[in-house]
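To start, the structure under review is shown below, and the notes come after it.
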Amino acid sequence: MSQSIVVSRRGVVPFNVTFEATGFTDADLCNCEFAEEEARGFSEVAMTEGQFPAGILSVVRGWISEDDAQKPTDRKVFVCVTLRVYAASVDNASRTVPPAVLLTRIVDAMASTETGESLVSLEGNWKVTEVVPFGELADGQAGEDPAETVRQGRPDGELPEKRILAVFLPQAWVNDYATYIDGQQAVDVTQVVLEMDLQKIHALRDYSDSTDALIDTVALGHNGPFTVRAKDSICDFFEVKDLSDITESMLLAARKATLKLPGIETVTVSVKVQELSGSRLDWAVAKALGCGLVSAHDHFRRIAAGAWSEEKIVEHLGKMSNEQLIIDPMTHNAVPIPAFSTFWQSAGPIIDREDMWLSSARYMAPSVTPDADRAWMAKSLALAPIAPMYGPTPLVAAMRCYVASKCGEVVEVPASLSGRK
């Protein structure tokens, strides 16, 4: 790959700014890409013809991806174009507005027939989705590392360390179509990605179920359709051109460097018991039962300290997942937390002991369609005067009721836990 030449101007620095729009096509354009050499050739012609307005230096790349979460008969696509621009700050770079005709010409160059007919019908809703500092400041001071991405919506304007940021794009259903809405944001998915198997990382595709699974929508407060883009940020993190270029040794090294934890995990978040679900609810039930709780990494540190060096411990932690564990009161071994919220074998004895009463919302009000999270109600005379708790299943409602009776209506749970099943 040839080295890019960075030209500095007083008071401004170069940025790579990515613009995104949606469109429709009848052709198979999935993963269509405007590669570096093609972008350079287009830039040379455009510069000669005077198509670049002041402040725009060149086209860096472009690509087209298909939305996997759509009907088979629909052919909606996402079109992205990255331009190199001069600007005084990240904020100024994010306000760059290139001529629509220029962006359209770039798309036509990516997706057109031999006769010049465009294969993509653009909706014209271009917007900035990513700003990446590039090169050095004009006064000679070092600029931001190009590998450290600055996303819109981050108030500090820069990242303290190299991270993997997925771009979360919320949508809403409009006439049976998933339509983009305000609220897009960058979400740190570094730990989620680094805990994945290498084969699964290689298989990640933007705007598909594989990247959607990186995001905890419960934590973001979104319950509608959405898409996620993360491939570029992952490639930047590992400094590779394609996900398939990531090797096992790269992944292990990244885990060792990035997932190194302090001795004991202490970061927690406050969550209403009525909103607990998945691993957070299971953890809270174990806490309410008075069980000892610890993360897998913390537990391993405790048993390995004094026998292994710190370097060897960190290397081993890089190969381990970091789920929360329960300390068995008989053996004192760390074992997985029982799935209280999904298995009757685990929750049944608690429900029976606390004399809980479970009722379907449809039974209480047959004419009313209940909220999905309030389909079942749980209460108990033994736990009075605790108010009834609700949930999408009888087990979730019952376990929320039990946790509230022991810990109150708001609990502190480890920040590393998600509300997903």
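Only the coordinates and a few stated rules stand behind these numbers; no lab work does. Predicted model only: the values in this text are computed from it and were never measured. As a convention, Cβ positions derive from the backbone with ideal geometry for all residues, glycine included, and neighbour counts pool all protein chains shown.
A few remarks follow.
- Protection proxy ranking for 244-250, 346-352, 283-289, 213-219, using the average of other Cβ atoms within 10 Å per residue and placing the highest first: 283-289, 213-219, 346-352, 244-250.
- 22 Å Cα-Cα threshold exceeded, pairs from LYS287/LYS319; LYS162/LYS241; LYS200/LYS256; LYS272/LYS379; LYS200/LYS287: LYS287/LYS319; LYS200/LYS287
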